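The values are calculated or read from the model by the stated rules, or taken from the named source; none is laboratory data. Since the structure is predicted, the reported quantities are computational estimates derived from the model, not experimental observations. All Cβ positions, even for glycine, are placed from backbone atoms using ideal geometry, and neighbour counts span all protein chains on display.
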Amino acid sequence: MLIGIDDTDSPGGMCTTYLGAVLARRLIREHMRVREARLARLNPNVTFKTRGNAAIALDVEGDPDRGFELACAIVEELADFSCEKTNPGVVVAEKRPDPAFYQRAVTDFCEIDEAIAVLEAAGARYRGWKNRRGLVGATAAVASVFPDATYEVLAYREPSRWGTQREVDRESLFAAEEATFPHTWDTVDFANQVVVCVPHTPDPVLFGIRGESPAWVMSARSFIESEKPALEQIWVTNQGTDAHLVPGTCGALREGISYRVRGVVAGRPATGAGGHVSFEIRDGDAEVRCMAYEPTKNFRDTVRELVPGDAIIAVGSYKKGSINLEKMCLVSPARDLRTQAPLCTVCSKRMTSAGKDKGYKCRKCGGHAMDPEVDEIPRKLTAGWYEVPPTARRHLAKPLCRGFPEIS
């Protein structure tokens with residue numbers, strides 16, 4: 001059977017993966033075999049998500065009725081029902097529901113009624129609490145198929161420590177990253193000297209190490225010195241796979257969907273209030289704004305190097321009229337040509353505009369010239385992929401250390 005659970009956490013506490021890890025141990029104590037623990041990140045742009053929009057599924061050999069009973073009991077025991085946005089759902093399916101539902105849930109938006117229709121078609125057991133929105137994620141988790149998969153070992157704190165300062169040795173985290181990168185990633189951000197894998201919210205997670213295999217995440221985990229965890233669980237995930245992305249075109253983008261969009265840079269990037277950098281790309285007559293927000297740190301310096309005419313692929317979520325960049329590819333760099341008024345050949349003074357289509361005039365001697373002075377500036381930016389730093393990376397975004405996306 002596949003047991004799916006979602007929407008048990010809140011900004012103030014709990015974690016659905018912790019609840020799943022505890023459930024796995026209770027199932028084992030009842031002589032059921034847990035073959036896999038799966039963490040499915042879904043559309044990161046869902047406005048009513050609690051935190052990281054993750055749902056879990058356990059692949060279990062055992063009695064489905066008892067599995068359903070235990071899953072419902074643990075939700076009632078541990079879920080944060082006090083939060084208005086927490087609306088748990090539990091699913092137990094003896095066969096995998098249609099994977100198309102998972103695909104929609106990770107790239108688009110799904111409704112509760114749609115999830116129930118999928119569950120009914122699969123003959124699944126299910127239960128939802130409050131408005132039952134957690135049934136969407138729970139259904140997506142049990143329906144999920146990962147063409148590309150990564151792994152994460154999550155260490156969880158003793159309940160008595162929840163909400164207190166986490167005790168994790170900073171230097172051991174940097175040592176873990178140095179020893180195992182690129183087979184693990186996003187443990188720390190070397191460029192900005194920031195720890196990434198230790199949360200700051202009052203939930204049960206102590207730290208999480210992400211990587212390409214269980215062996216590599218456990219290798220990195222062996223370096224870490226911390227308070228004693230209550231339990232640890234290795235999850236197979238769709239994190240770091242770009243599973244949320246779909247192809248898009250300028251002028252035909254929908255709010256809350258994450259895209260790969262080709263275009264040509266229409267103007268020089270501008271830095272606005274708060275340090276956010278923006279620019280437009282054009283495809284035919286259609287334009288769309290791209291944004292690199294302040295939390296993307298040094299990535300903004302790369303964005304500022306773009307010039308009009310650069311052919312790029314912009315990757316990110318479309319929200320409020322902008323593509324919020326997660327990474328980008330400079331496909332074909334343009335020449336960086338800067339124009340200015342020419343120097344007067346008689347008195348060597350810089351001319352000024354004589355009016356539209358009238359060329360330039362020297363204010364000192366009255367000399368005229370029709371053409372501006374054009375200089376080509378050497379480019380620092382070369383063709384290739386560029387990404388935000390680990391401290392700004394979304395769960396689903398594929399880091400470039402895992403390989404460069406195809407340019408298509």
*Of these, 160, 213, 172, which one is within 30 Å of residue 69 (Cβ to Cβ) and polar (S, T, N, Q)?*
160
*asked:* I'd like the full set of residues that are of a type in the set (Lys, Arg), over 20 Å from residue 379 (Cβ atoms) and in contact (Cβ under 8 Å) with a residue 40 or more places away in the chain, limited to the range 263-306.
replied: 297
_Give me the strands (runs of 3 or more DSSP E) completely within the range 244-320, filtered to those with at least 2 residues that are closer than 21 Å to residue 389 by Cα, touching a strand residue (DSSP E or B) at 6+ places or on another chain (Cβ under 6 Å) and at pLDDT 95 or above, ordered by residue number._
258-265, 277-283, 286-292, 311-319
*Taking the range 59-86 as the search range and keeping residues that are part of a loop (DSSP other than H, G, I, E, B), touching a Ser or Thr at 6+ places or on another chain (Cβ under 8 Å) and not small (Gly, Ala, Ser), which one is surrounded by the fewest Cβ atoms within 10 Å (Cβ to Cβ)?*
85
*asked:* Here's a check for you: in the range 244-271, which residue that is buried (at least 18 other Cβ atoms within 10 Å of the Cβ) and of a type in the set (Lys, Arg) is nearest to residue 53 (Cα to Cα)?
replied: 260
*State the number of residues belonging to the range 18-61 that are touching a strand residue (DSSP E or B) at 6+ places or on another chain (Cβ under 7 Å) and at positive phi.*
1
*Is there a residue in the range 147-157 that is buried (at least 23 other Cβ atoms within 10 Å of the Cβ) and of a type in the set (Asp, Glu)?*
yes
_Take the conditions under 49 Å from the mean Cα position of the chain (by Cα) and assigned to a strand (DSSP E or B) and apply them to residue 339. Does it pass?_
yes
*Is at least one residue of the range 45-58 outside the structural domain of residue 163 (by TED's automatic domain parsing), under 18 Å from the mean Cα position of the chain (by Cα), of a type in the set (Lys, Arg) and assigned to a strand (DSSP E or B)?*
no
*Can you pull out the residues in the range 87-104 that are assigned to a loop (DSSP other than H, G, I, E, B) and either surrounded by fewer than 23 Cβ atoms within 10 Å (Cβ to Cβ) or charged (D, E, K, R) (or both)?*
94, 95, 96, 98
*Identify, please: which residue in the range 112-138 is part of a helix (DSSP H, G or I) and touching a residue at least 60 places away in the same chain (Cβ under 8 Å) and is, among those, farthest from the chain's Cα centre (by Cα)?*
135
*Of the criteria (1) assigned by TED's automatic domain parsing to the domain that holds residue 75; (2) within 27 Å of residue 78 (Cβ to Cβ); (3) out of contact with any Lys or Arg (no Cβ under 8 Å at 6 or more places or on another chain), which one residue 121 fails*: (2)
*Taking only pairs six or more apart or across chains, which ones have beta-carbon atoms under 6 Å, a first residue in the range 162-178 that is within 21 Å of residue 401 (Cα to Cα), and a second residue that is buried (at least 16 other Cβ atoms within 10 Å of the Cβ) and among the hydroxyl-bearing types (Ser, Thr, Tyr)?*
173/187; 176/187; 177/187
*Within the set of pairs 6+ apart or on separate chains, which have a first residue in the range 213-232 that is among the basic types (Lys, Arg), a second that is surrounded by 17 or more Cβ atoms within 10 Å (Cβ to Cβ), and C-beta atoms under 6 Å apart?*
221/153; 221/209
*Sole exception among (1) of a type outside the set (Asp, Glu); (2) assigned to a loop (DSSP other than H, G, I, E, B); (3) surrounded by fewer than 18 Cβ atoms within 10 Å (Cβ to Cβ) for residue 174, by number*: (2)
